[in-house]
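A short write-up of the structure that comes next.
The values are calculated or read from the model by the stated rules, or taken from the named source; none is laboratory data. Just so it is clear, the structure is predicted and the values come from calculations on it, not from any experiment. Neighbour counts are summed over all protein chains in view; Cβ atoms, including those assigned to glycine, are modelled from backbone coordinates with ideal geometry.
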Amino acid sequence: MDTILPYLLPPCPTLGLCAPSGFLTEPGALEMAALYFTEHGCRVVESPHVHGRHEYFSGTDVQRLGDFHALVHDPEVHAIMAARGGYGLTRLLAYLDYEALASARKPLIGFSDITALHLAVLAQTGLVTFAGPMAAPDFGHPQRSALHQEHFLPLLSHEWHLSPPIRLPYAEREGDAGLHLREQIGDGLEGTLWGGNLSLVANLVGTPYFPQVTDGILFLEEVNEEPYRIERHLLQLFHAGVFRSVRAVLWGQFNRCVPTHASAAPYTLDHVLTYLRSLVPIPWLVNLPFGHVRDKLTLPVGGRVRITMPDEAHYQLMFSRYGEARSNS
């Protein structure tokens, strides 16, 4: 499937906010996010049910789907951002108007449960979307990350973008580890960036919503999962043959992913990584600033990324072919 590039954001863009998954849990967060965007030259449009609640969700499936499609079809809205994640998008995948999404070419932004949307849209249309900060938990946070201002609107407004140097953990730099990784990367390693929340990625295997990426750079993150469960998800990808077409793994933040049961206590995330690296001997670059943490980059899902290592202690990402300017004609 050919890649479809979304339109880059114009000056003073209109940002549509919706809640396609869970309901908002932090009073005032969305208002703080809207204030941030307006102060940075954006206009904000909120969906009717963005503040709603129905059972676990912000609205019924019909309401959430309607809110999302309304933003897709609204010619005044330039980009669509999830207010938060949670759970609920997989209930909507079979009913999304993929033809309209491909035609509108609007940036779709979010992470966590929004991974299901990113992967489904990529699989069904080839449209590049964006794994990145969301309205309430990120832009509505009283101590929002400086990375948002440096790497959100700048990436969505330009045809290429460079990440800051990403520091490898101390253990990765010791002995031959950093040198070996630099040898694997060479002068640079390039591929199609895709991935997201590990649970969502693994759960979509075998469905029509799982993209077939032939030269992938896979990025992963997770939260509140036992290490052995993380290994189970990774082995699902391994047994399904997914890693055969992956050139490198960008290992994001696995927040609060520690053994909590006495029987599992000795088996940590380090054990999981060591085992998977033995099964899949490709570059595994850890400490990617992305996941359920304050500091996160914006990552073009389906766009191109080039990985370089300026030294044994750092790697850097250059993003390209993820958006294009809207024609004036």
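Considering every residue within segment 141-156, establish whether at least one is closer than 23 Å to N197 by Cα, over 17 Å from the mean Cα position of the chain (by Cα), touching a residue at least 12 places away in the same chain (Cβ under 8 Å) and in a loop (DSSP other than H, G, I, E, B).
yes
Could you please find all residues in segment 1-13 being surrounded by 18 or more Cβ atoms within 10 Å (Cβ to Cβ) and under 25 Å from A123 (Cβ atoms)? Give the steps one after another, and end with the answer.
Of the residues in segment 1-13, the ones surrounded by 18 or more Cβ atoms within 10 Å (Cβ to Cβ) are 5-9, 13.
The answer is L5, P6, Y7, L8, L9.
Of the conditions (1) in the same structural domain as L119 (by TED's automatic domain parsing); (2) in a loop (DSSP other than H, G, I, E, B), D2 satisfies every one except a single condition; which number is it?
Evaluating D2 over (1) in the same structural domain as L119 (by TED's automatic domain parsing); (2) in a loop (DSSP other than H, G, I, E, B) leaves (1) as the failure.
Can you tell me which of A123, A104, A100, A94 is assigned by TED's automatic domain parsing to the domain that holds T38 and closer than 27 Å to Y36 by Cα?
A104
To keep it simple, each residue is scored yes or no on (1) of a type in the set (A, V, I, L, M); (2) without any contact (Cβ under 8 Å) to a residue 24 or more places away in the chain; (3) buried (at least 21 other Cβ atoms within 10 Å of the Cβ).
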site	(1), (2), (3)
L15	yes, no, yes
P20	no, no, yes
F23	no, no, no
G28	no, no, no
Y36	no, no, no
H40	no, no, no
V45	yes, no, no
E55	no, yes, no
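Determine, yes or no, whether L234 is out of contact with any Pro (no Cβ under 7 Å at 6 or more places or on another chain), free of Cβ contacts under 8 Å to residues at least 24 places away in the same chain and crowded, with 16+ Cβ neighbours inside 10 Å.
Values: out of contact with any Pro (no Cβ under 7 Å at 6 or more places or on another chain): yes; free of Cβ contacts under 8 Å to residues at least 24 places away in the same chain: no; crowded, with 16+ Cβ neighbours inside 10 Å: yes.
Considered against the rule, which asks whether it is out of contact with any Pro (no Cβ under 7 Å at 6 or more places or on another chain), free of Cβ contacts under 8 Å to residues at least 24 places away in the same chain and crowded, with 16+ Cβ neighbours inside 10 Å, L234 comes out as no.
Taking segment 291-329 only, how many residues are part of a strand (DSSP E or B) and of a type outside the set (D, E)? Before you say what the answer is, go through the steps one by one.
Here is the first cut: in segment 291-329, the ones part of a strand (DSSP E or B) are 299-301, 304-311, 314-320, 324.
Then drop every residue that is not of a type outside the set (D, E), which leaves 299-301, 304-310, 314-320.
So the answer is 17.
Confirm whether F139 is closer than 21 Å to R321 by Cβ, aromatic (F, W, Y) and modelled with pLDDT of 95 or more. It would help to see each step written out before you state the result.
Values: closer than 21 Å to R321 by Cβ: no; aromatic (F, W, Y): yes; modelled with pLDDT of 95 or more: yes.
Judged against the criteria, F139 is not a match.
Go through segment 292-302 and report how many residues are crowded, with 24+ Cβ neighbours inside 10 Å, out of contact with any helix residue (DSSP H, G or I) (no Cβ under 6 Å at 6 or more places or on another chain) and not charged (D, E, K, R).
The number of residues fulfilling the criteria is 2.
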